[in-house]
């Protein structure tokens, strides 16, 4: 490892980041492509099939990160990354000939190897930088996550243009061919302009290389990454159908909003690396997990309308009903004013409402000529609470949680070269596997939660639970470390507080 960063280090960082950006853009293709094909009736796939197709490429990129990370430590990043780009171009090209769910599953599994580019690039970047600069360098490399934004922002418009807004729907097949061509070009550039370098431990046996996997710390880092990376990957795709279904947005608009989530989250990762270098990864993770829990709590409230019994009108004396209108009920000489319904559904939906609105009215349940007794109900009360879940407020909150996760992704990977300096590819690969599994399982979990609850916001309930678990585990470990290192100080603190 170099003692100082050099121009060669920066050149390698540039090509690693560029290749990872291309890989990530290809990895996220199904999020847009599958939504487009189902919306245009090309394939009759429901939420569960869509969830599986969104998750399968992520599954491949997750479970093979570990072996690709090991191969990178063993043989060097130039050969592994270059061959990976060429390999992924093959199933990506063949996707243009797919005509069934099974074909999509198989070919999506194949091009999903693009997701392993993260483990390869992490190892191939850290080996070129000294420890003091690794947080920043890995944060910059991780900005390649913004490749997801390239797909969600550009591909919907590309699909619309190529198919002439659905008039020539079969031209969707050109899109996978374009992606395949870009992967091939990137592979050529990588072979031509990069150099190969292996870490010092590259000659260790496989058994010794796998030793760090016994450390619980590795799995804890993996859980953090399941949240900040896996859920980021899941929402990079899930937000497209989310906006289409909840807010009736067009595919292009939904892609734009999804890119507003994924692009800043990817780019801000560089800032997360710098913050981790400056203040420490643990302090950054406390802030990330706490904020993730808070924002997801705000997002769990669904767009809804609640109708509940309200304050009605009861007769104050017995008598005969002499008049009933929308605005009053008359019992002989006694007149009871009736509160009229005043809301307008269409008007409210067309306005940008931030806070929940409430309206109450009364509906007569008696008619002229009826005999009533004292305390009999004359008109039932109705209360309506309406929450629009304003799309712009939702989009801003989603943008914020994406930024938070972007910072968290860099903070997690800042830990790895500090604790496992000679096994960055292996440990980074495993952490990436666990995180990537989040990208696979989360769309499927979201689909089942949606089927079970009927609420699109059920996905945010899951994020809230996961954020709280991560925060609790990290805090428990920190407290245990403090007790172990300073037991007397802890006793004094507890005694002062009466514990």
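Taking every C-alpha pair closer than 8 Å and separated by at least 6 residues, the mean separation divided by the residue count of region 111-256 gives a relative contact order of 25 percent.
Computed over all pairs of different Cα atoms, the Kirkwood value for the hydrodynamic radius of region 232-314 is 16.0 Å. What's the angle, to the nearest 10 degrees (0 to 90), between helix 487-496's Cα axis and the longest principal axis of the chain? It works out to around 20 degrees. Here the label points at residue 132 and residue 373, each 7 Å from Cα along the C-beta direction, are separated by 9.1 nm in the simple model. Using the Cβ-Cβ distance between residue 359 and residue 248 with R0 set to 41 Å, the FRET efficiency from 1/(1 + (r/R0)^6) comes to roughly 0.95. In degrees between 0 and 90, to the nearest 10, how far off the longest principal axis of the chain does helix 269-279 point, with axes built from Cα atoms? Helix 269-279 and the main axis of the chain meet at about 80 degrees. Across region 304-387, C-alpha contacts under 8 Å between residues 6 or more apart give a mean separation that, scaled by the residue count, equals a relative contact order of 47 percent. Centroid-to-centroid, using Cα positions, region 276-301 and region 52-110 are 31 Å apart.
For region 1-146, the direction-averaged projected area of the alpha-carbon convex hull comes to 8.8 nm². Relative to the first principal axis of the alpha-carbon coordinates of the chain, what is the inclination of helix 29-39, with its axis defined by its Cα atoms, in degrees from 0 to 90 and to the nearest 10? Helix 29-39 and the main axis of the chain meet at about 40 degrees.
Per-residue packing, averaged as other Cβ atoms within 10 Å, sorts the ranges 239-248, 171-180 into the order 239-248, 171-180, beginning with the highest. Residue separation of residue 192 and residue 472 scaled by 0.36 nm, minus their Cα-Cα distance, works out to 96.1 nm of gained length. Peptides 16-25, 452-461 ranked from most to least packed by the mean count of surrounding Cβ atoms within 10 Å: 16-25, 452-461.
How much FRET efficiency would the formula 1/(1 + (r/R0)^6) give for residue 87 and residue 164, where r is the Cβ-Cβ distance and R0 is 25 Å, rounded to 0.05? Efficiency at R0 = 25 Å is approximately 0.15. Largest first, the extents of the alpha carbon coordinates of region 304-387 on the three principal axes equal 47, 19, 14 Å.
Based on the Cβ-Cβ distance from residue 481 to residue 278, what FRET efficiency comes out when R0 is 35 Å, to the nearest 0.05? So, using R0 = 35 Å, E works out to roughly 0.95.
Report note on the peptides 148-159, 331-342, 224-235: ranked by the mean count of other C-beta atoms within 10 Å, highest first, their order is 224-235, 148-159, 331-342.
Take every pair of alpha-carbon atoms less than 8 Å apart whose residues are at least six positions apart; their mean separation over the length of the chain yields a relative contact order of 24 percent. Overall dimensions of the chain, expressed as equivalent-ellipsoid semi-axes from the Cα gyration tensor (√(5λ), whole Å, largest first), are 53, 31, 16.
Each value in this text was obtained by applying a stated rule to the coordinates, not by laboratory testing. The model shown is predicted, which means the values in this text are computed figures rather than measured ones. Cβ sites come from the backbone with ideal geometry, for glycine too, and all protein chains shown count toward neighbours.
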